[in-house]
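Notes follow once the structure below has been shown.
The values are calculated or read from the model by the stated rules, or taken from the named source; none is laboratory data. Every value quoted in this text rests on a predicted model; they were computed, and no experiment measured them. Glycine also receives a Cβ, built like all others from the backbone with ideal geometry; neighbour counts cover every protein chain displayed. Each accessible area value is taken on the protein alone, full model and side chains, heavy atoms only, with ligands, DNA and RNA left out. Shrake-Rupley method; radii C 1.70, N 1.55, O 1.52, S 1.80 Å.
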Amino acid sequence: MRESGAGTAEQERIARAALTRVIEPGDEHGGRWLREFGARELVARLTSAEHKDAALAGATARRLAGYRIRAVAAEPDRDLAAVAAVKGRFICPGDQEWPTQLDDLGDARPIGLWTRGGADLRKWALRSVAVVGARACTPYGAHMAASLGSGLAERGWVVVSGAAFGVDGSAHRGALSAGGATVAVLACGVDVVYPRGHAELIGRIAEQGLVIGELAPGSHPTPSRFVLRNRVIAALTRGTVVVEAEYRSGSLATARSAQKLGRFTMGVPGPATSGLSAGVHELLRGEGVLVTDADEVAELVGGIGELAPDRRGPVLPRDLLDPMSARVLEALPARGAVGGEQVALDAGTTTDETLGRLYELHSLGFVERHGDGWQLTHSAIGGSNARRGGP
């Protein structure tokens, strides 16, 4: 890495950009060295001849040799120019735009974040929710993810996900369809389209939202990088919603990271017979909270007053009856007429009280009189008495 004549802060930024080529995401040994020495000093220890025999705590000689090879080959100026070419930038701890909640990751926090998009990441992250789930999701999972994405966006929440096929893509599209804000956290360089089938989607997110990642421009994803990417999604957001996941899945890893960080974890239930619901249901059996729509998510992660509407079925005319009239109505059989004394006996009240209530119910259209007997009208049959299992 060549020397720069820039000021101290800019030199530190350039050194951090170089280290994104050297230290893998989530490497706590690298994070500890960075904390102890600072970026410029760490780069110097990895590249200068006078430090070639110096050891770094926690690294074997072989591993340290690998760090040094990558450090010497790093060209941060070229990487910074590459991200600028796609209208991006590199942000790091100490910047005004840095989301300080990422510091909760300790030595595993990102060295910095390569970013595409015009929005302020710190401000967006203050009111954000992660929606993650299975890549090979069912139509139900895709529908729920899109519904959550659009619903949260309409309520002013930023939807964060990983831009993968399945649930991730559906959540992003839901937010975009509502004209809302969404952030894609990639496991590769922000100038690399992965998966390739999401080229248009990632392009739209970069224009309307933000695309971010820890890896330098041109870097390609690996299985371990996908797993480690999930800790950033968990730390960046107020809570994580899992929509469809098997027992072993990256989505559950995101939820576990969120739990460790003290964030909210939520799950959308699915059919008990589906393997894609098994992981979510296991989460819900633990500390996860069951949610079914954006209102319930916002109620959990939002501030005071962001309450979900009361859930209840339609109000039926019989729901408006006073308790005694309802009890008399329930005492009538579903079919056939019965005398007032029998109704009183079944309702547990006096005959006079029962007759008074029956006449009230008659005027309201619930019952009709046949000789000395009373029976339900057609409109009343199938309501409370049907639930009671009357004859």
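Derived scalar couplings between HN and Hα for region 264-278 equal 6, 10, 9, x, 9, x, x, x, 5, 8, 9, x, 6, 9, 4 Hz in order, rounded to whole Hz, by the Karplus curve 6.51 cos²θ - 1.76 cosθ + 1.60 (θ = phi - 60°), x for Gly and Pro.
From the protein chains alone at 1.4 Å, what is the descending order of accessible area for Thr60, Thr377, Thr138, largest first?
Numbers: Thr60 85, Thr377 20, Thr138 40 Å².
From most exposed to least exposed: Thr60, Thr138, Thr377.
Packing around the peptides 287-297, 164-174, taken as the average count of other Cβ atoms within 10 Å per residue, puts them in this order, highest first: 164-174, 287-297.
On the accessible surface of region 32-176, probed at 1.4 Å, how many percent belong to carbon and sulfur atoms? Before the final figure, lay out each step's value.
Working: 3380 of 6370 Å².
With neighbouring chains kept in place, the figure for region 32-176 is 53 percent.
The phi torsions of region 13-19, fed into the Karplus equation with coefficients 6.51, -1.76 and 1.60 and a -60° offset, translate into couplings of 5, 5, 5, 5, 4, 5, 5 Hz, rounded to whole numbers, with Gly and Pro shown as x.
Within the listed set Val86, Val241, Val132, the residue fluctuating most in the Gaussian network model of the chain (springs between alpha-carbon atoms under 10 angstrom) is Val86. When DSSP beta bridges are restricted to pairs lying wholly in the chain, around 40% turn out antiparallel. Mind pulling the angle between the C-alpha long axis of helix 223-236 and the longest principal axis of the chain? Nearest 10 degrees, somewhere in 0 to 90. Helix 223-236 sits at roughly 70 degrees to that axis. Here the convex hull built on the C-alpha positions of the chain has a volume of 172 cubic angstrom per residue.
Label positions at Ala44 and Gln11, each projected 7 Å from the Cα along the C-beta direction, are separated by 0.7 nm. Accessible area per residue for region 109-188, computed on protein heavy atoms with a 1.4 Å probe, is 30 Å². Net charge in the neighbourhood of Lys260 (other residues with Cβ under 10 Å of its Cβ; Lys, Arg +1, Asp, Glu -1) is +2.
Peptides 109-120, 317-328 ranked from most to least packed by the mean count of surrounding Cβ atoms within 10 Å: 109-120, 317-328.
Give me the number: length gained by fully extending Thr222 to Met324, i.e. 0.36 nm times residue separation minus the C-alpha to C-alpha distance, one decimal in nm.
Working: separation 102, 0.36 × 102 = 36.72 nm, distance 6.83 nm.
Fully extending the segment from Thr222 to Met324 adds 29.9 nm.
Amide H contacts under 5 Å for Gly189: Gly218, Ser219, His220, restricted to partners 5 or more places along the chain or on a different chain, H placed in the peptide plane at 1.01 Å from N.
Please quote Rg/Rh for region 94-216 to two decimal places, taking the Kirkwood radius as Rh and restricting both calculations to Cα atoms.
Values: Rg = 13.7 Å, Rh = 14.4 Å.
Reported Rg/Rh, Kirkwood definition of Rh: 0.96.
For the chain, the longest principal axis of the alpha carbon atoms and the long axis of helix 167-177 meet at an angle near 80°.
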